[in-house]
1. From the square roots a ≥ b ≥ c of the eigenvalues of the alpha-carbon gyration tensor of the chain, which class results: rounded (a/c under 1.5), prolate (a/b over b/c), or oblate?
2. Taking +1 at the Cβ of each Lys and Arg and -1 at the Cβ of each Asp and Glu, which of Gln197, Gln133, Leu186 sits farthest along the dipole of region 106-201 towards its positive end, judged by Cα position relative to the Cα centre?
3. Students often get this wrong, so check it: of Lys21/Lys85; Lys118/Lys155; Lys104/Lys163; Lys89/Lys156, which have C-alpha atoms separated by over 31 Å?
4. For the ranges 111-120, 61-70, what's the packing order if you count other beta-carbon atoms within 10 Å of each residue, average per peptide, and put the highest first?
5. May I ask you to derive the relative contact order of the chain, considering only C-alpha pairs under 8 Å and at least 6 residues apart, and to give it as an integer percent?
6. Assign one of three labels to region 91-201, namely rounded, prolate or oblate, based on the Cα gyration tensor with a ≥ b ≥ c the square roots of its eigenvalues; rounded applies when a/c is under 1.5, prolate when it is not and a/b is larger than b/c, and oblate otherwise.
7. Taking only Cα atoms, what is the 0 to 90° angle, nearest 10, from helix 113-123's long axis to the longest principal axis of the chain?
8. Explain nothing, just the number: relative contact order of region 132-201, from Cα pairs under 8 Å at least 6 residues apart, as a whole percent.
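Every number in this text was worked out from the coordinates using simple rules, so none of it is lab data. Bear in mind the structure is a predicted one, so any value in this text is a computation, not a measurement. Every residue, glycine as well, gets a Cβ built from its backbone with ideal geometry; the counts of neighbours run over all protein chains shown.
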Amino acid sequence: MIGKPRKTPPLELVIKAVDYKNDQDPNKVTVDGDTIAKELLYSQRLTTWLNEICEAPSEELQIAARAQHLCRWMTPRADYPEGKKGYLKWRSELKTFHADMVTKMMAKARYSDNACNKVRELIEKKNYAKDPQGQILEDAVCLVFLEFEFDAFVKKWQYDDEKVIDIVQKTWAKMSEVGHEYALKLKMSKNQTRLIQLALA
């Protein structure tokens with residue numbers, strides 16, 4: 001007797017939809033000889049860190065992590081004025097853009113309004129420091145930066161220790177004690193370790 005076809009769970013539907021979109025990123029990176037879309041790779045790394053620091057993340061938290069940079073290349077920084085004001089406007093509108101896209105995917109997968117609103121809260125970082133799930137997501141974001149992006153940042157600002165130290169301090173301030181513990185276990189070059197030690201002194 002042939003059984004009923006498997007019904008795809010809503011979470012799987014949304015993750016697949018997010019990955020499909022992020023796989024269209026024209027910006028490619030090479031990892032271990034394989035070429036992958038930049039934002040798809042970012043979302044995978046963020047999911048990996050989420051699962052590392054959180055034993056049983058909610059579906060909303062998993063979706064928010066996967067969609068953190070959803071189609072980010074469609075809203076380039078160059079479209080906004082230079083300077084801090086332009087940067088902050090870009091970041092604010094990006095969060096809304098990501099949240100709008102993924103909550104539409106969630107609604108199509110028949111998630112409740114409450115679930116969609118929760119994902120929006122997480123992506124837009126509303127009161128994340130007072131929200132345990134928001135703090136977990138922020139820890140994961142910071143750990144992705146420190147593990148995969150910090151080296152390039154240090155090289156870019158190799159003649160400006162103060163710039164790097166300032167970023168480390170701001171990153172550290174966003175993280176919980178649990179996030180700090182994981183961060184201190186990351187493999188770092190001697191120069192990276194020096195800069196982190198200076199930042200935390």
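1. Note, shape of the chain comes out prolate.
2. Towards the positive end, the residue furthest out is Gln133.
3. Lys118/Lys155; Lys104/Lys163
4. With the highest mean Cβ count within 10 Å placed first, the list reads 61-70, 111-120.
5. 19
6. prolate
7. The angle comes out at about 20 degrees.
8. So the answer I get is 45 percent.
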